[in-house]
1. Enter the accessible area per residue of the range 292-336 (Å², integer; probe 1.4 Å; all protein chains in place).
2. With every protein chain kept in the model, how would you rank His40, His166 by accessible area, 1.4 Å probe, largest at the top?
3. Rounded to the nearest 10 Å², what accessible area does Arg312 have for a 1.4 Å probe in the complete protein model?
4. For the charge dipole of the chain, defined by +1 on Lys and Arg C-beta atoms and -1 on Asp and Glu C-beta atoms about the Cα centroid, which residue among Trp232, Pro24, Pro43 has the Cα displaced farthest towards the positive pole?
5. Which one of Phe284, Phe52, Phe201 has the biggest mean-square fluctuation once the chain is modelled by GNM with Cα springs under 10 Å?
6. If you average the C-alpha positions of the range 184-236 and of the range 14-42 separately, how far apart do those two centres end up, in angstrom?
7. If you build a Gaussian network model of the chain, linking Cα atoms that sit under 10 Å apart, which residue out of Pro56, Pro93, Pro45 swings the most?
8. Could you tell me the accessible area of Arg301 in Å² (1.4 Å probe, neighbours in place), rounded to the nearest ten?
Amino acid sequence: MIPPNMPAPLLHGGDLDAARNLFPGAPEPFLDLSTGINPHPYPIPPLAPEIFSRLPAPADLRRLAERAAAAYDAPSAACVVVAPGSQVLVRSPPALLLPGRAVILGPTYAEHARAAAAAEHETTTVGALEPLGDADLAIAVNPNNPDGRILSRDELLAIAERQRSHDGLLIVDEAFMDAGPRGESLSAQVEAATVVVLRSFGKFFGLAGLRLSFALASPPLAAQLAAALGPWPVSGEALAIGTTALSDQPWIDATRLSLAAAAERLDTLLGGAGLEIVGGASLFRLVRSAKAAKLFDRLGRAGILVRRFPERPDLLRFGLPGAEQEWQRLEAALQD
């Protein structure tokens with residue numbers, strides 16, 4: 001049964017079928033700017049045919065966990081849980097706790113509230129960090145989605161220390177940290193703190209369809225999360241591509257720079273169209289406008305999908321265009 005306090009199903013970005021139904025006359029192909037996914041994905045390496053015909057080997061899973069620990073500065077591979085996409089990990093940690101009081105720093109990615117409610121926690125969203133320390137389950141997104149707010153590592157560690165005093169748990173969703181200020185990540189502290197850090201592979205590497213993500217936690221907590229996922233948590237191709245990509249430091253460094261440059265270009269374009277930029281991260285920008293609903297409709301009729309927020313109709317989130325013709329297409333639609 002669905003708990004009575006669980007929010008209604010959410011509308012996420014990336015649903016082009018829904019966009020085509022909403023704007024049936026829009027030109028194709030649709031330009032999807034409704035997600036915060038790198039439009040220049042990691043080049044998929046050649047894959048051996050047997051990857052698709054045999055079960056993933058435990059050694060391959062360990063190798064990926066080792067590469068993820070190195071890439072995310074986790075203490076060891078024993079602190080890494082490999083999972084099939086971020087949504088699985090959003091739901092898994094709340095289910096480890098007995099039903100209690102969950103406090104979420106918001107406004108933020110609303111799926112966290114759904115996950116806490118589904119685990120039968122009494123769930124509230126607050127606008128300040130301080131109340132999280134007294135909760136049984138505390139959840140923060142850093143950098144935040146959709147406004148890009150950054151929380152300092154020291155602030156979060158202070159919350160984690162308060163959590164420790166009453167056996168609480170802090171979840172920090174760092175889905176956009178690969179392109180953010182890595183010095184504020186809690187990944188290096190997971191062994192000593194009562195914290196679970198969530199990392200998304202698909203957003204930064206632009207391979208969301210691969211369905212690969214990671215949770216970083218103390219070895220005992222990581223073992224609990226891994227046991228819930230079972231012996232083959234991800235596919236053989238996810239293991240192979242993830243291991244190669246996380247080992248490619250030159251690509252990672254170059255991509256961090258290119259995404260930052262693209263975000264600055266998007267700032268210029270949106271600002272030039274008279275839109276107020278109120279936040280964002282390197283993979284997206286959040287704008288505010290009294291005419292946001294009309295702009296969403298205008299862009300949709302031009303075959304450009306951006307993210308809207310029914311609870312905040314004055315806000316729109318823009319992802320990054322990829323090819324030069326996509327930038328020109330967005331610029332033309334904004335000028336019109």
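The values are calculated or read from the model by the stated rules, or taken from the named source; none is laboratory data. Since this is a predicted model, take the numbers as computed values, not measurements. Positions of Cβ are backbone-derived with ideal geometry, glycine not excepted, and every protein chain shown enters the neighbour counts. What goes into the accessible areas is simple: the full protein's heavy atoms, side chains included, and nothing from ligands, DNA or RNA. Shrake-Rupley method; radii C 1.70, N 1.55, O 1.52, S 1.80 Å.
1. Details: 2310 Å² over 45 residues.
Roughly 51 Å² per residue, with all protein chains present.
2. His40, His166
3. So the heavy atoms of Arg312 present about 100 Å² to solvent.
4. After comparing all options, I get Pro24.
5. Its mean-square fluctuation being the largest, the pick is Phe52.
6. Measuring centre to centre over Cα atoms gives 28 Å.
7. Among Pro56, Pro93, Pro45, the largest GNM mean-square fluctuation belongs to Pro45.
8. Ignoring ligands and nucleic acids, Arg301 comes out at about 150 Å².
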